[in-house]
Structures are given as C-alpha cells and as structure tokens.
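Asker: For reference, the structure I am asking about is given below.
The values are calculated or read from the model by the stated rules, or taken from the named source; none is laboratory data. Treat the numbers as computed from the prediction; the structure is a model and nothing was measured. Here the Cβ positions follow ideal geometry from the backbone for every residue, glycine too, while neighbour counts run over all protein chains shown. We work out accessible area using only protein heavy atoms, side chains counted, and drop any ligands, DNA or RNA first. Shrake-Rupley method; radii C 1.70, N 1.55, O 1.52, S 1.80 Å.
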Amino acid sequence: MQADQSARSAALDPATSFIVQAPAGSGKTELLIQRLLAVLAQAEHPSEVLAITFTNKAAGEMRERLYNALRSAQLPADASLRPVEQVRRALAQAVLQRDAARGWKLMDRPDAVLIDTFDAFCARLAARAPLQQVAASAALAPIEPSLNAVYRDAARTALFDDDIRRESTLLLTLAANRVDDVVALIADLLARRAQWLGEAVDTSDAAVARLTAVLVAQVEKHIEQVAGLHNHRLDAEITALAQFTATVFSLDGRDSLAAERDALAEAWPVRAELSDLSHWQTLSDLLLTASGELRKPGGINVKAGFPIPKDAKYADIAADERAAMKARMQAILPELERDTAFVSALAKTRTLPAAMAISEHEIALKATLVVLKLSAAYLSVLLRERGVTDFSGVMIAALSGLRDAREDVLAGLDAKLKHILVDEVQDTNPAQFDLLRMLTEDWSSGDGRTLFLVGDPMQSIYGFRDADVSLFLQAQAHGVGEVALTPLTLTANYRSQPVVVDWVNQEIARVFSSGEGASMEDESRVQFVSAFATRTAGTLRERVAHRAFSNDADEANAIAESIAEIRTEEPEASVAVLVRGRAHATALIAQFAARDIAFSAREFADWSARETVRDLLSLTYAIAQPSDRLSLFSVLRSPWVGCTLATLAAFANALDD
C-alpha cells in the first residue's frame with residue numbers, strides 16, 4: 001500500500017469537506033473524478049453537484065472522464081484492472097445504481113452534472129441576478145476579452161474630471177506628471193476591478209485609515225520577525241562597527257551615511273517597532289550588499305567603510321585600528337552566513353515603508369481610491385454604450401447578485417447545491433474565493449454539504465492573472481468562510497522515474513523556503529512537499545545532468561548526440577525536448593535534420609526564412625501595393641520570373657521615366 005493511500009481513501013468521504021494538496025504527477029484528476037462519483041452516488045439529484053475548473057478544455061476533459069468511467073462500469077469487469085481502476089469502477093457502479101433508482105438518465109444527459117469554468121458559472125449567476133442590477137453593469141452583453149482602449153478612455157476621462165481635480169493633481173504629482181503611466185496603471189486596475197471594486201470603493205477617512213492600519217501591521221510584523229531572528233551575541237560588534245564606519249564616512253564627506261551609522265551605534269540594540277525601522281535598514285546597509293546578499297570578506301573595503309591601513313586619507317584613524325575593525329567585520333561573516341533566515345529577513349527591510357512614508361501613503365491612497373471609483377463609473381457607462389462587457393464585469397455582477405439576492409439567484413439555477421468541487425485552487429484569485437464564500441455562507445458542519453478543493457501551491461504560476469497562492473494556504477489553515485476543511489496531502493508520483501523524483505526532492509526543495517524563522521501567521525510561504533516514485537526504474541540510463549554551453553550551436557549539438565545515444569540503446573524510446581520558445585529550437589532542429597533524426601515539432605518551423613515563402617510574401621505585397629518597388633523587384637528577380645540585374649535596372653529606369 002502506498003504511503004498516501006489513507007489520504008486518498010479519506011478524500012472519498014462524501015460527508016466531509018477537504019482541501020487536497022496534490023503535487024504534479026500525483027493523480028490529482030483521478031482523485032477529483034473519484035470524489036465526483038462519490039458525491040453523485042449520495043445525491044438526490046445531479047444538479048446538487050458543481051465542479052469548477054479554469055479552462056473550457058479542462059472542464060470538457062473532466063466531463064469526458066466522468067462519463068467514460070460510467071460507460072466502463074456498464075461493461076463486464078476486466079480481470080487486469082489496476083487497484084485505482086477498481087476503485088473508480090466501484091464508485092461509478094454506485095452512481096449508475098443511484099441513476100437507475102432516481103431516474104436521472106445520466107447517460108442520455110451529458111450536461112446533467114454541472115461542470116463549469118469560473119467564468120461560465122459566473123455568467124450563469126449573472127443571468128439570474130436582478131435585471132436592473134445586471135443591466136446597469138452591462139453584464140449580460142457579449143464578453144470582449146480585451147478592452148484596453150476602453151479601460152484607458154475611462155481612466156483618462158476620470159483623471160481629468162473637474163470634480164476630482166485635487167485627487168488627480170496629487171496622483172499626477174506623485175507620478176512626476178507622467179499622464180500616460182498613470183492612465184496605464186488605472187486601466188490595468190480596471191481590467192482587474194473584480195478584485196477590488198465590490199459594492200463600491202469606500203473612500204471615507206475611516207476606510208482609508210483601516211487600509212493604512214493593515215499596512216502598518218504588516219510592516220511591524222516583519223520588523224518583529226527580524227528582531228526575533230537577530231543573534232544578540234553580535235550586539236557589541238554591531239555597535240563598534242557602526243561607530244567605526246560612521247567615522248570613516250565622515251572623513252569621506254559622506255555625511256548622511258555617517259549620521260545613519262552614528263544613530264545606529266547610539267540606539268543599538270533597537271526595538272522591534274516601526275519607529276526603529278530606519279535603524280534596521282541601516283544595519284542592512286552595514287552587513288549586506290546592494291543586491292541584499294551578505295557581504296563577502298573580499299568586499300570589506302573602503303566603499304563599505306573599511307579603508308586599508310596604508311591609505312593616508314584616513315590618517316586620523318590609526319592604521320592598527322583600521323586593520324582590527326576590518327578583521328572584526330570579516331570575523332562575524334561566517335556566523336551570519338549560517339543565519340540565512342535573518343539575512344533574508346533583514347534584506348527585506350529595505351523595501352518597507354517608514355512611518356513618514358506611510359503617512360504620505362495614506363493621503364495618496366485616498367486620492368487613488370477616489371480616482372479609481374470614478375474610473376469604474378465611467379467604465380460602466382462606456383461598456384453600456386458599446387454593448388460589451390468583460391470577465392471582471394461578469395464576476396462583479398455574479399457577486400453582487402449573490403450579495404443582494406442570493407436566494408433568488410440560486411433558485412434560478414434550478415439547483416440546490418450541496419457539493420462543490422474546485423480544481424487548480426492554487427490559481428484562484430480573491431474574487432473567486434469570495435464567490436465560494438458566498439455560495440457556502442449558510443453551510444454548517446455536518447449538514448451534508450461539502451466543499452472539495454484540490455490544487456498544488458508549488459505549481460502556482462499565474463500571479464500575472466491575479467492568482468494568489470496564499471488563498472490556498474489560508475484555506476488549509478482556516479477553511480473557507482464557515483466551512484472547515486480537512487487538509488490532505490498526496491505524495492505518490494505516478495508520472496516520473498525514481499531518478500527524476502529523487503532529483504526534484506533534493507534540488508527543487510532549495511527553491512522553496514525552509515520556513516526557518518517564519519512566524520506562525522505567515523500564510524504566504526509555500527512549503528516544499530517531497531514525493532515518492534511509484535514507477536520502477538527503467539532500462540535506460542537514468543540521470544539528471546546539468547550542462548552549460550557558451551552558445552546555441554554547442555548546446556544543440558550536445559542534445560542531438562544524447563538523443564542519438566538513446567536511440568541506439570533503445571530505438572523505440574520516446575524522447576521529449578523542452579525549449580523556452582520557438583526561436584530557441586532553430587539550432588536544435590537543424591542538428592536533427594543534419595543527423596537524420598526523425599522528429600515532430602508542430603508550429604516550430606521558421607517559415608519566414610524559407611525562400612519560397614519569402615517569394616510568396618513579396619508577390620502578395622506587390623499585388624496589394626503596386627507602389628512597393630522592393631517587393632515588385634523581388635518577384636521579378638525570383639526563380640519564377642528570373643530577370644537579370646541588367647533587366648531590372650532597365651525596368652527601373654523605365655518606371656522612373
């Protein structure tokens with residue numbers, strides 16, 4: 001029995017809500033289908049079950065796998081079924097029995113089970129929201145995925161509205177009057193307004209103060225973390241080094257730096273408070289480089305505040321003292337090098353805002369909210385005028401409908417949701433989590449309604465789409481709304497060979513923070529979860545190798561040689577090559593062709609570099625734009641026509657005449 005079998009079995013309990021961390025290759029989709037079958041087997045009607053994923057393709061695949069399981073369960077049992085297939089078959093047979101008893105006719109109704117994307121489900125909700133609400137936001141209009149020009153129009157119109165001139169002037173002043181930059185930033189926020197708009201942007205002083213208090217709390221929390229990690233055995237050294245470098249900087253004429261080091265020496269050890277942030281930042285400058293890395297012994301030089309004994313410019317400081325202080329600085333580096341958590345946390349203090357900056361931030365924040373609120377209003381007008389909407393508009397309408405008329409909206413679905421399953425939860429954004437909270441706000445433990453979330457925070461890569469991996473981690477710790485979730489973790493890897501899994505466990509773990517020194521409240525830190533391989537070792541040489549090359553040609557040649565060796569050892573083995581982009585495959589494809597290695601590379605060919613294609617393009621341009629002489633002469637010079645240079649020259653002269 002595999003080590004995570006108990007977790008896989010527990011996940012099929014239809015009376016319990018779970019959040020499952022399922023790393024790559026762990027059979028996540030299979031578990032999701034099994035859970036879907038398990039809750040269907042207990043449902044009174046298929047419409048009680050909702051499965052949500054992110055793309056239409058994924059939703060289609062989930063539906064296909066569900067119905068394939070049901071169809072297979074209608075056939076005679078195959079003695080060669082693997083254990084996982086036996087579990088799926090048993091669950092599917094239970095669903096078929098339920099189907100027969102309740103008269104669902106699932107096999108004749110592929111859409112009986114609601115499997116949707118977030119966007120599609122929100123459109124269903126918006127269509128059932130009060131008409132006056134969705135009409136005002138144009139939420140029922142056709143969806144346009146890209147409305148950048150409209151966002152910019154709304155942003156620019158709001159920015160120059162006389163009613164908010166004071167706020168707009170402040171924003172533009174802060175941005176050094178770079179109007180286009182401010183418009184672009186507002187437009188980007190409008191495209192993602194479902195994350196922040198809600199019912200309305202609260203621009204009151206109290207609301208701004210609450211938001212500022214959140215920022216202050218986060219800054220103080222980080223300062224407390226740094227202070228907690230600091231090794232007080234170094235206090236005397238820090239005081240001495242700060243005072244010494246202050247003297248050096250003063251002799252150098254670097255007065256502001258000298259004042260900062262003097263203040264640090266006088267105040268050290270400092271408190272874990274916002275008012276002492278500047279001292280922690282000064283300590284960061286003393287111990288770390290500009291890139292935030294711990295200084296190296298060779299980097300303890302005059303620029304860092306440690307002149308050499310022979311430098312006559314610093315004759316006011318005894319040569320012996322200069323040598324001694326440099327040695328003391330170098331002596332504390334090995335201990336700090338072992339304290340990676342402290343060094344990392346100290347480096348981050350540089351990006352934290354000081355008390356004065358936070359005070360200024362409060363004023364700028366209110367101005368920003370005022371401009372955003374008006375920009376959103378103008379956007380609504382523009383969308384109605386154009387008769388279009390976007391995904392944010394649909395999400396806002398769905399959330400507003402649930403907030404203002406939840407019972408009517410859900411009743412309009414002709415379904416009483418009791419089980420919600422969500423795939424790829426690590427890629428959800430705050431608005432999508434708000435949707436889950438609203439759908440389950442009247443659920444309680446033990447009432448037969450369940451939430452089942454599946455994902456892998458280690459694979460969260462969609463930050464540019466507003467995905468927030470901390471939502472997954474918060475759900476693990478606290479559930480969703482009033483729904484408590486039992487955390488489960490899958491660790492078996494069915495996809496990769498043992499050597500690959502072992503390498504990932506050893507090397508990729510270094511990418512993730514170990515969590516050393518993290519506070520208990522830090523819910524944005526993704527921890528690495530080791531996996532174990534279920535596959536047996538293959539017959540080929542198995543290795544994970546790191547090789548660096550100085551150019552594309554050498555790299556392509558080495559890859560082609562490796563593939564040729566694999567083909568010699570095992571001619572039927574399949575080989576995959578991953579590249580960052582099509583352009584990076586050019587040299588590799590050339591090597592394959594030169595070595596007569598058969599390959600498939602769809603959409604990788606550089607057609608524009610082929611002579612025939614260039615000639616066709618020239619012909620097209622010449623026909624479409626007769627005045628384009630370059631294209632015309634290219635056609636005349638091509639093998640199709642074959643004009644000599646002398647003929648082309650004569651033709652050019654005739655055209656000029």
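Asker: Residue check: is Ala405 in a helix (DSSP H, G or I), touching a Pro at 6+ places or on another chain (Cβ under 6 Å) and either of a type in the set (A, V, I, L, M, F, W, C) or surrounded by fewer than 18 Cβ atoms within 10 Å (Cβ to Cβ) (or both)?
Answerer: For Ala405, the condition - in a helix (DSSP H, G or I), touching a Pro at 6+ places or on another chain (Cβ under 6 Å) and either of a type in the set (A, V, I, L, M, F, W, C) or surrounded by fewer than 18 Cβ atoms within 10 Å (Cβ to Cβ) (or both) - is met.
Asker: Right, another one. Restricting attention to segment 408-434, which residues are under 19 Å from Ala376 (Cβ atoms) and open to solvent by less than 30 Å² (accessible area, probe 1.4 Å)?
Answerer: Matches in segment 408-434: Asn429, Ala431.
Asker: For segment 304-312, does any single residue satisfy the condition of being part of a helix (DSSP H, G or I), open to solvent by 30 Å² or more (accessible area, probe 1.4 Å) and small (Gly, Ala, Ser)? So that I can check it myself, show each step before the final result.
Answerer: Here is the first cut: in segment 304-312, the ones part of a helix (DSSP H, G or I) are 304, 312.
From the residues that got through so far, the ones that are open to solvent by 30 Å² or more (accessible area, probe 1.4 Å) too are 312.
Then keep just the ones that are small (Gly, Ala, Ser); that gives 312.
Taking every residue of segment 304-312 in turn, at least one turns out to be part of a helix (DSSP H, G or I), open to solvent by 30 Å² or more (accessible area, probe 1.4 Å) and small (Gly, Ala, Ser).
Asker: Would you mind stating whether Ser608 is of a type outside the set (A, V, I, L, M, F, W, C), touching a Leu at 6+ places or on another chain (Cβ under 9 Å), modelled with pLDDT under 85 and closer than 30 Å to Ala560 by Cα?
Answerer: Considered against the rule, which asks whether it is of a type outside the set (A, V, I, L, M, F, W, C), touching a Leu at 6+ places or on another chain (Cβ under 9 Å), modelled with pLDDT under 85 and closer than 30 Å to Ala560 by Cα, Ser608 comes out as yes.
Asker: A follow-up question, please. List the pairs whose first member sits in segment 381-402 and is within 11 Å of Val150 (Cβ to Cβ), whose second member is surrounded by fewer than 24 Cβ atoms within 10 Å (Cβ to Cβ) and β-branched (Val, Ile, Thr), and whose Cβ atoms are under 6 Å apart, counting only residues at least 6 apart or on separate chains?
Answerer: Qualifying pairs under 6 Å: Leu382/Val150; Thr389/Ile143.
Asker: For the subset of segment 245-277 comprising residues that are surrounded by 18 or more Cβ atoms within 10 Å (Cβ to Cβ) and of a type in the set (Ser, Thr, Tyr), which member is nearest to Leu234 (Cα to Cα)?
Answerer: For segment 245-277, the residue satisfying everything is Thr245.
Asker: Looking at (1) under 27 Å from the mean Cα position of the chain (by Cα); (2) surrounded by 13 or more Cβ atoms within 10 Å (Cβ to Cβ), find the lone condition where Thr351 falls short.
Answerer: Thr351 satisfies every listed condition except (2).
Asker: What helices (runs of 4 or more DSSP H) lie completely within segment 580-657 and have 1 or more residues being in contact with a Lys or Arg (Cβ under 8 Å, 6 or more places away or on another chain) and farther than 29 Å from Thr568 by Cβ? Spell out the reasoning first.
Answerer: Numbers: elements: 586-595, 611-624, 629-637, 645-656.
In segment 580-657, 629-637, 645-656 are the helices (runs of 4 or more DSSP H) which contain 1 or more residues that are in contact with a Lys or Arg (Cβ under 8 Å, 6 or more places away or on another chain) and farther than 29 Å from Thr568 by Cβ.
Asker: Please tell me if Ala191 is over 30 Å from Leu336 (Cα atoms), open to solvent by less than 10 Å² (accessible area, probe 1.4 Å) and of a type in the set (Gly, Ala, Ser). Show your work before the answer.
Answerer: Working: over 30 Å from Leu336 (Cα atoms): yes; open to solvent by less than 10 Å² (accessible area, probe 1.4 Å): no; of a type in the set (Gly, Ala, Ser): yes.
No, not satisfied.
Asker: Hey, does segment 456-464 have a residue that's within 25 Å of Ser9 (Cα to Cα), acidic (Asp, Glu) and either surrounded by 14 or more Cβ atoms within 10 Å (Cβ to Cβ) or at pLDDT below 85 (or both)?
Answerer: yes
Asker: Look at segment 156-178 and say how many of its residues are open to solvent by 40 Å² or more (accessible area, probe 1.4 Å) and under 20 Å from His361 (Cα atoms).
Answerer: 9
Asker: Would you mind stating whether Asp657 is in contact with a Pro (Cβ under 8 Å, 6 or more places away or on another chain) and at pLDDT below 85?
Answerer: In short, no.
Asker: Also: Quick check on my filter: what residues within segment 75-90 are touching a residue at least 24 places away in the same chain (Cβ under 8 Å) and not basic (Lys, Arg)?
Answerer: Val84, Val87 - these are the residues of segment 75-90 that are touching a residue at least 24 places away in the same chain (Cβ under 8 Å) and not basic (Lys, Arg).
Asker: Does Ala583 fit the bill of being surrounded by 10 or more Cβ atoms within 10 Å (Cβ to Cβ) and modelled with pLDDT under 85?
Answerer: When the stated conditions are applied, Ala583 passes them.
Asker: Evaluate segment 328-340: report whether one residue or more is under 18 Å from Arg350 (Cβ atoms), modelled with pLDDT of 90 or more and surrounded by 16 or more Cβ atoms within 10 Å (Cβ to Cβ). Walk me through it before giving the result.
Answerer: Going residue by residue through segment 328-340, those that are under 18 Å from Arg350 (Cβ atoms) are 336, 339-340.
With the extra rule that they be modelled with pLDDT of 90 or more, the set shrinks to 336.
So of that shortlist, the ones also surrounded by 16 or more Cβ atoms within 10 Å (Cβ to Cβ) come out as 336.
Within segment 328-340, one or more residues are under 18 Å from Arg350 (Cβ atoms), modelled with pLDDT of 90 or more and surrounded by 16 or more Cβ atoms within 10 Å (Cβ to Cβ).
Asker: Output the residues belonging to segment 628-656 that are farther than 17 Å from Glu611 by Cβ and hydrophobic (A, V, I, L, M, F, W, C).
Answerer: Those that are farther than 17 Å from Glu611 by Cβ and hydrophobic (A, V, I, L, M, F, W, C): Leu632, Leu645, Ala646, Leu648, Ala649, Ala650, Phe651, Ala652, Ala654, Leu655.
Asker: Further question: Within segment 233-290, work out how many residues are assigned to a loop (DSSP other than H, G, I, E, B) and under 24 Å from Ile308 (Cβ atoms). Don't jump to the end; show me each part of the working.
Answerer: Going through segment 233-290, the residues assigned to a loop (DSSP other than H, G, I, E, B) turn out to be 253-254, 268-273, 289-290.
Restricting the remaining residues to those that are under 24 Å from Ile308 (Cβ atoms) gives 253-254, 289-290.
Summing the residues that are assigned to a loop (DSSP other than H, G, I, E, B) and under 24 Å from Ile308 (Cβ atoms) in segment 233-290 gives 4.
Asker: Can you name every residue in segment 297-319 that is under 18 Å from Pro334 (Cα atoms) and not hydrophobic (A, V, I, L, M, F, W, C)?
Answerer: Correct list: Pro297, Gly298, Gly299, Asn301.
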